[in-house]
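Novice: Once you've had a glance at the structure underneath, I'll fire off some questions.
The values are calculated or read from the model by the stated rules, or taken from the named source; none is laboratory data. This one's a predicted model, so the numbers in the text were calculated from it and none came from an experiment. Glycine gets a Cβ as well: all are built from the backbone with ideal geometry, and neighbour counts include every protein chain shown.
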Amino acid sequence: MAVSVADVRETIDESIALLKNWGAETEYPGPLSKLESARSVLIRNEKKIWLRSKKGRGMLAEVSSAADRLKESFASGDISVVEGALVEVEALVNAIEEESRRRSMVVT
């Protein structure tokens, strides 16, 4: 089954809600802002055609798996486990942003 940006974004939205339930606005502002940043990167790149290519689908699948692991990490109740999973999501989302930036460069 193909993974869509909307599915990944929905998983990240669920993680944001879980983090907010922990009272993250006051106790853990860093992870919350990182998640919101990852979400905005996905929104900005949602309509990019290259995400439908073989490489794009692979990158989205990796982000989806990492986002699922992030959501599951909340069951541990330990913020350090959540932050570890968040680092992986953040790195993969940044790779999507970098690839999108690279592909949008126009050679003149």
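Novice: Read through the list (1) hydrophobic (A, V, I, L, M, F, W, C); (2) in contact with a helix residue (DSSP H, G or I) (Cβ under 7 Å, 6 or more places away or on another chain); (3) modelled with pLDDT of 90 or more; (4) surrounded by fewer than 19 Cβ atoms within 10 Å (Cβ to Cβ), then give the number of the only condition that W50 fails.
Specialist: It is condition (3) that W50 fails.
Novice: Tally up the residues in region 75-108 that are under 30 Å from W22 (Cα atoms) and part of a helix (DSSP H, G or I), please.
Specialist: Our first condition is that a residue be under 30 Å from W22 (Cα atoms); within region 75-108, this holds for 75-97.
If we keep only those that are part of a helix (DSSP H, G or I) too, we end up with 75-76, 79-97.
Number of matching residues: 21.
Novice: Here is a check on your reading of the model: is R102 surrounded by 13 or more Cβ atoms within 10 Å (Cβ to Cβ) and of a type outside the set (D, E)? Steps first, answer last, please.
Specialist: On the way: surrounded by 13 or more Cβ atoms within 10 Å (Cβ to Cβ): no; of a type outside the set (D, E): yes.
Answer is no for this residue.
Novice: Now a separate question. Scanning for something without any contact (Cβ under 8 Å) to a residue 12 or more places away in the chain and among the basic types (K, R), does region 14-29 turn up at least one residue?
Specialist: Checked region 14-29: no residue is without any contact (Cβ under 8 Å) to a residue 12 or more places away in the chain and among the basic types (K, R).
Novice: In addition: Hey, can you tell me all the residues within region 41-71 that are in a helix (DSSP H, G or I), under 16 Å from R103 (Cα atoms) and of a type in the set (D, E, K, R)?
Specialist: R44, R52, K54, K55, R57
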